[in-house]
Amino acid sequence: MLDQLIHLKVNGTLHTVAVPPHRTLLEVLREQLGYTGTKRACRVGDCGACTVIIDGKAVLSCLTLAVEVQEKEILTIEALGDGDRPDTLQQSFVDCGAVQCGFCTPGMVMSAKALLDENPHPDREEVRRAIAGNLCRCTGYAKIVEAIEDAATRLS
Amino acid sequence: MSEYAVLGKRLPRVDGPVKAAGTARFTDDLSLPGMLYGKILRSPHAHARIVRIDTTRAENHPGVRAVIVGEDFGDYRYGLRADTRDEYPLARGKVRYLGEEVAAVAAVDEETALEALNLIQVEYEVLSAVTDPEEALREGAPQLHDDKPGNISVHMKTSFGDVDDAFRQADYIREDRFYSQSVLHGFLEPNAALALWEAPNRITIWASKQSPYFLYRNLSNCFNVPLSNVRLIQPYIGGGFGGKNGGYPVDFCAVMLSKKTGRPVKIVLTMEEVLSSHRRRHPMIVRLKTGVKKDGTILAHDCRIIADGGAGTGVGPSTIANAFYFLNLPYVVPNVRYEAFRVYTNRPISVAQRGNGIQQIRYAADVQLEMIAHDLGLDPVQIRQKNAVYTGYRTASGMNIHSCGLQETITEAVKAAEWETHYRPWQEKEKEPLGRIATGVGIACNSFQSGARLTGHNCCTAVIKVHEDGTASLLTGSTDSGQGSETVLAMIVAEVLGTRLEDVFVPQTDSTVTPVDPGSFGSRVSSTAGNAVLIAAQDARSQLLPVAAELLKAAPEDIEFRDRKVLVRGAPDRVLRFRDLTRQTVAWGSGTSIIGQGSWGQTVPPMNFETGEGDASGAYSFGTQAAWVEVDTQTGKVTVPRMVVAHDLGFALNPLAVEGQHEGSIAGGVGHTIYEHCVEENGQNLTPNLTAYGLPTVYDLPEEMVSLSIETIDPVGAFGAKESGEGTQVSTIPAIVNAIHNAIGVWITDLPVTPEKVLKALRDRKAQDRATEGGQP
Ligand code: FES
Ligand code: FES
């Protein structure tokens, strides 16, 4: 299939890339644009490790075709703080012990960010629902829930 | 107040910020110029002879750079010991499970590699397969390995004390059969390797390995290159839990494809490949006979195990031995008999998984103890208190307990679970009608090894380079696959040198730089590597001390290193900044380097895989868990809203990390008990994705998890520390199963506890009740 030239706006930067129409946003972000913070785990929509934010909503990039999301605001984990200057949400993850192996973490953080951007004072149930599609084998989730609640408090 | 400045504090992990930022690089995040992508062709049959493989069409496909098959690896086989090497990088002659690796391709991109797989023509002669371990033991069953008659991969038979006499003395005897299913490691990062072969004989590989030095040796043997030329660089690891220990086909194939093409090759498995054909926890059938006195004192265990080993041996001998060792703990068992068969079946290979054989045996033993308590009308807490082992105890088989806080863990768990308020024996509850939601509480105890003592190289080594600005680098081969060991080991360095956690850098394992290490398995890192780091830090400190004494005009024994300062005890005015001391030491005379080194092995002889006599580790952790369950009696669904862990971990080096380990252990244990299973048909996995398999989501796990640490300061472990990451998963299963009995009066002896099984058990119980009532006049 012929490649298509598309424009993707990622973290405020406009990229022009040639992609086959069936390529997922996950593959384009990681393989062509170098945004490897977005993790590739199950590739079939089960785990949430590939979560990015598109126009304010948490979206699974492994189930999204790159050609579909032109003209949209795509945010990846790289839009937040870096290792030297984590933003508040990331800092809460670190301080609360919500990070272990860290493979689920970028996706978790993006799901949490989408929640807090839209609903700065979520209750426990809303926090749990926001990460219900993000799997984590290491933590048992309690500290992740705590971290998101902690960030909500710090941000308000 | 703690005597420590750094240890014992709830310090966030050092790699937290880069992981939260997404800048921590895992294997799949790496790429090299000119890199090719590898894919693996897998067997569509559970058991078949490979008649012919034709790779011509695949090789001619545009974009394909190399195709490899089993013959490319010659006769190389790998495995734990010389006599158990029964795995090939790619199948030779036969395939023994569905999904076994048959060929591999390197191409310019993943899509092309996938297309090429479809062009490889393999002619199979399908053989009858056996996927049930009991059937595999029968006469006439299909045979997997010509040199292992009867499909027996490991057989262990042993006995201590006089078991027959003990059963004669017993007031009460029970015999039950338990089954624990196939459980996957469930790490989110699929196995991955990026390899670069440089002629004539250098290998560089980035691979996701919790124990990288197995692969370092495997590659040296497989490719006949000296160990000095095998450079294994360990990127961040997205969870391991026992499923990233050794070398696997993905690693061998990446190297071979690079060798053939002269280009770097990356292979990343899909989750479907991991779930369908990678390693997993041993399914086990446990038949356990236990004799007790009227008061519940255990007199003897007689245990027979059939473990489904899958198509290879892996680390199976250690699993089978572990199950025996932990038949002897955490309760006093004066007489014990054990016979286990680890059986080959046409299924993916069973290996260690967070607990390595111990979950399965303790599930059986602790649930059966609860059954006995129930049958004899004894209190579940008291029967455990009565049988609990204690400091100074030696098992019938010769395991020595140097520190034991089991009784305290029982007391604390019971207190935190508000047992007195919530517990009512089933005998009492059974008189009332079951509501829609029935609740119950259950407890169970555990013990675990703090550093499995295997044969061969078992010592950890640490090298600490103190830089002139007062910072330090810690070189260790003990990897952090997420458990937080990097942070804990760095804390030990900071404690001894009197610096801060952020002053210590722990580069990831690189086999040409970091010391050789057994690996991160068997709960060894904090205790064993921890001691090596302690010795190395003391060594570095001793190199700084004479200079400090000279500069401060004090006796070396009066000098203290604390919070980046060098102080003289009793003379508060004589102070030196640590970095001034390091700068001056490095410049002393014609200059020197401050390099501390320390090694620490084990204090006990190797585990005896034949008889199980003696110790399995230099130290043992102990713990108690309490579970609160809710059973929906109409749908059969079980939930665990609350779970308490009280764990004797010797000393909590970092309480935040400890809580993470406890909570993660509960998560895995709840998954094993209630949700996770591989549905299979003729060796084919019908649940090849995380959702169908049942990896727990946030809604499936306890909302409340209480983690309590009991500190007993073990004489062996670093700063008195023992393990805290595996033992807690051992008692999760029986605590929940016991709680289910307390809720609805049925025993679940076949895992996982699916709604169907709960409903059936409830129906069976009702039928039985009716029968008993009907039988009464
Ligand atoms: S990688 Fe997208 S949901 Fe798992
Ligand atoms: S921290 Fe390892 S999967 Fe979540």
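The values are calculated or read from the model by the stated rules, or taken from the named source; none is laboratory data. Values in this document were obtained by computation on a predicted structure and should not be read as measured data. Cβ: placed from backbone, ideal geometry, glycine included. Neighbour counts: every protein chain shown. When the accessible area is computed, the model is the full protein with side chains, heavy atoms only, and any ligands, DNA or RNA have been set aside. Shrake-Rupley method; radii C 1.70, N 1.55, O 1.52, S 1.80 Å.
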Residue set B:S707, B:S731; condition in contact with a helix residue (DSSP H, G or I) (Cβ under 7 Å, 6 or more places away or on another chain), at pLDDT 95 or above and either open to solvent by 20 Å² or more (accessible area, probe 1.4 Å) or among the hydrophobic types (A, V, I, L, M, F, W, C) (or both); output residue B:S707
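Taking the condition more than 13 Å from the chain's Cα centre (by Cα), at pLDDT 95 or above, away from every other protein chain (no Cβ under 13 Å) and closer than 26 Å to B:T691 by Cβ, does A:E126 pass?
Working: more than 13 Å from the chain's Cα centre (by Cα): yes; at pLDDT 95 or above: yes; away from every other protein chain (no Cβ under 13 Å): no; closer than 26 Å to B:T691 by Cβ: yes.
It is false that A:E126 is more than 13 Å from the chain's Cα centre (by Cα), at pLDDT 95 or above, away from every other protein chain (no Cβ under 13 Å) and closer than 26 Å to B:T691 by Cβ.
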Per the filter on region B:351-375, residues more than 20 Å from B:V753 (Cβ to Cβ) and of a type in the set (V, I, T) are B:V351, B:I372
Subset of region A:36-59, residues within 16 Å of ligand 2 (Cβ to nearest atom), among the hydroxyl-bearing types (S, T, Y) and assigned to a loop (DSSP other than H, G, I, E, B), comes to A:T38
Going through region B:172-195 in order, the residues found to be away from ligand 1 (no atom under 16 Å from the Cβ) and closer than 12 Å to B:T27 by Cβ are B:A193, B:L194, B:A195
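Of the residues in region A:60-104, how many are of a type in the set (G, A, S), more than 7 Å from every other protein chain (Cβ to nearest Cβ) and within 16 Å of ligand 2 (Cβ to nearest atom)?
Step one: of region A:60-104, the residues of a type in the set (G, A, S) are A:61, A:66, A:79, A:81, A:83, A:92, A:97-98, A:102.
From the residues that got through so far, the ones that are more than 7 Å from every other protein chain (Cβ to nearest Cβ) too are A:61, A:66, A:79, A:92, A:98.
Restricting the remaining residues to those that are within 16 Å of ligand 2 (Cβ to nearest atom) gives A:92, A:98.
Residues in region A:60-104 being of a type in the set (G, A, S), more than 7 Å from every other protein chain (Cβ to nearest Cβ) and within 16 Å of ligand 2 (Cβ to nearest atom): 2 in total.
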Within region B:680-735, restricting to residues that are under 19 Å from the mean Cα position of the chain (by Cα) and within 14 Å of chain A (Cβ to nearest Cβ), the one that is nearest to B:L275 (Cα to Cα) is B:L695
All conditions in (1) open to solvent by 10 Å² or more (accessible area, probe 1.4 Å); (2) within 14 Å of another protein chain (Cβ to nearest Cβ); (3) in contact with a Pro (Cβ under 7 Å, 6 or more places away or on another chain) are true of B:T479 except (1)
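On the basis of being outside the structural domain of B:G262 (by TED's automatic domain parsing), in contact with a Gly (Cβ under 9 Å, 6 or more places away or on another chain) and open to solvent by less than 50 Å² (accessible area, probe 1.4 Å), does B:F160 make the cut?
Spelling it out, B:F160 is indeed outside the structural domain of B:G262 (by TED's automatic domain parsing), in contact with a Gly (Cβ under 9 Å, 6 or more places away or on another chain) and open to solvent by less than 50 Å² (accessible area, probe 1.4 Å).
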Restricting region A:43-57 to residues that are open to solvent by less than 10 Å² (accessible area, probe 1.4 Å) and within 9 Å of chain B (Cβ to nearest Cβ), the one nearest to A:D82 (Cα to Cα) turns out to be A:A49
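Answer yes or no as to whether A:G12 is more than 29 Å from B:G34 (Cα to Cα) and either within 12 Å of ligand 1 (Cβ to nearest atom) or in the same structural domain as A:G140 (by TED's automatic domain parsing) (or both). Don't jump to the end; show me each part of the working.
On the way: more than 29 Å from B:G34 (Cα to Cα): yes; either within 12 Å of ligand 1 (Cβ to nearest atom) or in the same structural domain as A:G140 (by TED's automatic domain parsing) (or both): no.
No, not satisfied.
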Scanning region B:546-570 residue by residue, those exposed (fewer than 15 other Cβ atoms within 10 Å of the Cβ), in contact with a helix residue (DSSP H, G or I) (Cβ under 8 Å, 6 or more places away or on another chain) and over 27 Å from B:T476 (Cα atoms) turn out to be B:A555, B:P556, B:R569, B:G570
request  = Could you please let me know if B:S724 is of a type in the set (S, T, Y), out of contact with any Leu (no Cβ under 9 Å at 6 or more places or on another chain) and outside any helix (DSSP H, G or I)?
outcome  = no
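Just checking, how many residues over region A:105-127 are within 15 Å of ligand 2 (Cβ to nearest atom) and open to solvent by 30 Å² or more (accessible area, probe 1.4 Å)?
First, pick out the residues of region A:105-127 that are within 15 Å of ligand 2 (Cβ to nearest atom): A:105-112.
Within this subset, residues satisfying the condition of being open to solvent by 30 Å² or more (accessible area, probe 1.4 Å) are none.
Residues flagged as within 15 Å of ligand 2 (Cβ to nearest atom) and open to solvent by 30 Å² or more (accessible area, probe 1.4 Å) within region A:105-127 amount to 0.
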Counting only residues in region A:128-145 that are more than 24 Å from A:K57 (Cβ to Cβ) and either open to solvent by 10 Å² or more (accessible area, probe 1.4 Å) or of a type outside the set (S, T, N, Q) (or both), the one nearest to ligand 1 (Cβ to nearest atom) is identified as A:R137
Sole miss for A:A152 among (1) crowded, with 20+ Cβ neighbours inside 10 Å; (2) within 16 Å of the chain's Cα centre (by Cα); (3) away from ligand 2 (no atom under 16 Å from the Cβ) is condition (2)
Restricting attention to region B:277-290, the residues that are in a strand (DSSP E or B) and buried (at least 24 other Cβ atoms within 10 Å of the Cβ) number exactly 5
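Open to solvent by less than 10 Å² (accessible area, probe 1.4 Å) and more than 16 Å from ligand 2 (Cβ to nearest atom): does that describe B:L7? Walk me through it before giving the result.
Values: open to solvent by less than 10 Å² (accessible area, probe 1.4 Å): yes; more than 16 Å from ligand 2 (Cβ to nearest atom): yes.
Yes, satisfied.
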Per the filter on region B:82-122, residues more than 30 Å from B:V679 (Cα to Cα) and open to solvent by 40 Å² or more (accessible area, probe 1.4 Å) are B:A82, B:D83, B:V108, B:D109
Filtering region B:606-652 for residues that are within 14 Å of another protein chain (Cβ to nearest Cβ) and not in a strand (DSSP E or B) leaves a count of 1
Given (1) open to solvent by 10 Å² or more (accessible area, probe 1.4 Å); (2) more than 14 Å from chain A (Cβ to nearest Cβ); (3) more than 30 Å from B:D132 (Cβ to Cβ), B:G79 misses just (3)
Please indicate, with yes or no, whether at least one residue in region B:17-39 is of a type outside the set (F, W, Y) and away from chain A (no Cβ under 14 Å).
yes
- Is it the case that region B:687-694 has a residue that's at pLDDT 95 or above, open to solvent by less than 30 Å² (accessible area, probe 1.4 Å), within 16 Å of ligand 2 (Cβ to nearest atom) and among the hydrophobic types (A, V, I, L, M, F, W, C)? yes
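Scan region B:437-458 residue by residue and report those that are assigned to a strand (DSSP E or B) and open to solvent by less than 10 Å² (accessible area, probe 1.4 Å). Let's see the steps before the verdict.
Kept after step one, since they are assigned to a strand (DSSP E or B), are these residues of region B:437-458: B:437-449.
Matches in region B:437-458: B:A438, B:G440, B:V441, B:G442, B:I443, B:A444, B:C445, B:N446, B:S447, B:F448, B:Q449.
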For region B:211-241, the count of residues that are outside any helix (DSSP H, G or I), open to solvent by less than 10 Å² (accessible area, probe 1.4 Å) and within 15 Å of B:G314 (Cβ to Cβ) equals 2
Selection from region A:15-35 of residues at the interface with another protein chain (Cβ under 9 Å from one of its Cβ atoms) and within 13 Å of ligand 1 (Cβ to nearest atom) yields A:E27, A:R30
Per the filter on region A:111-147, residues in contact (Cβ under 8 Å) with a residue 60 or more places away in the chain and part of a helix (DSSP H, G or I) are A:S111, A:K113, A:A114, A:D117, A:E118, A:A130
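Applying the selection to region B:27-38, what residues are assigned to a strand (DSSP E or B) and either surrounded by fewer than 24 Cβ atoms within 10 Å (Cβ to Cβ) or assigned by TED's automatic domain parsing to the domain that holds B:G683 (or both)? Break it down stepwise before answering.
Quick first cut of region B:27-38, residues assigned to a strand (DSSP E or B) only: B:36-38.
Answer for region B:27-38, where residues must be assigned to a strand (DSSP E or B) and either surrounded by fewer than 24 Cβ atoms within 10 Å (Cβ to Cβ) or assigned by TED's automatic domain parsing to the domain that holds B:G683 (or both): just B:Y37.
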Taking region A:16-35 and keeping residues open to solvent by 40 Å² or more (accessible area, probe 1.4 Å) and outside any helix (DSSP H, G or I) leaves A:T16, A:A18, A:H22, A:R23, A:G34
